[in-house]
Amino acid sequence: SHLHQVLWNLVGNALRYSRREEGSVRLVVYSRPRDHRIDLHVIDDGNGVDEAHREQIFEPFFTTHSRGTGLGLYIARELCEANGAHLELVGSQVGADFCISGRDIA
């Protein structure tokens, strides 16, 4: 249920900030067998995260949306950490790219 909550937030944000065209939001999974890790990326084609906000994006109550609470990304990151995973905003040429990295339990 934690993964569901994290993905619900990330995909919801991606939809909100995307161009809302076919293929505007992508989920990409990479397996890294050498270090037993899996990376799950939620990528959108919007304007991305302003450089001035990158340091604050996961802070509680920080929001750039008029109807946002500023808790979504904070809670998503906390849930990831509680389950041995890591959530980060990675560099992207277009839009935003949020990556969940976790241990491969298979």
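Quick note: the coordinates plus some simple rules give every number you see, no bench work behind them. Because the structure is predicted, anything quoted here is derived from the model rather than measured.
Only a single criterion out of (1) more than 15 Å from the chain's Cα centre (by Cα); (2) on the phi > 0 side of the Ramachandran plot is not satisfied by Ser31, namely (2). Gly68 meets the conditions (1) more than 15 Å from the chain's Cα centre (by Cα); (2) on the phi > 0 side of the Ramachandran plot; (3) not polar (S, T, N, Q) in every case but one. The failed one is (2).
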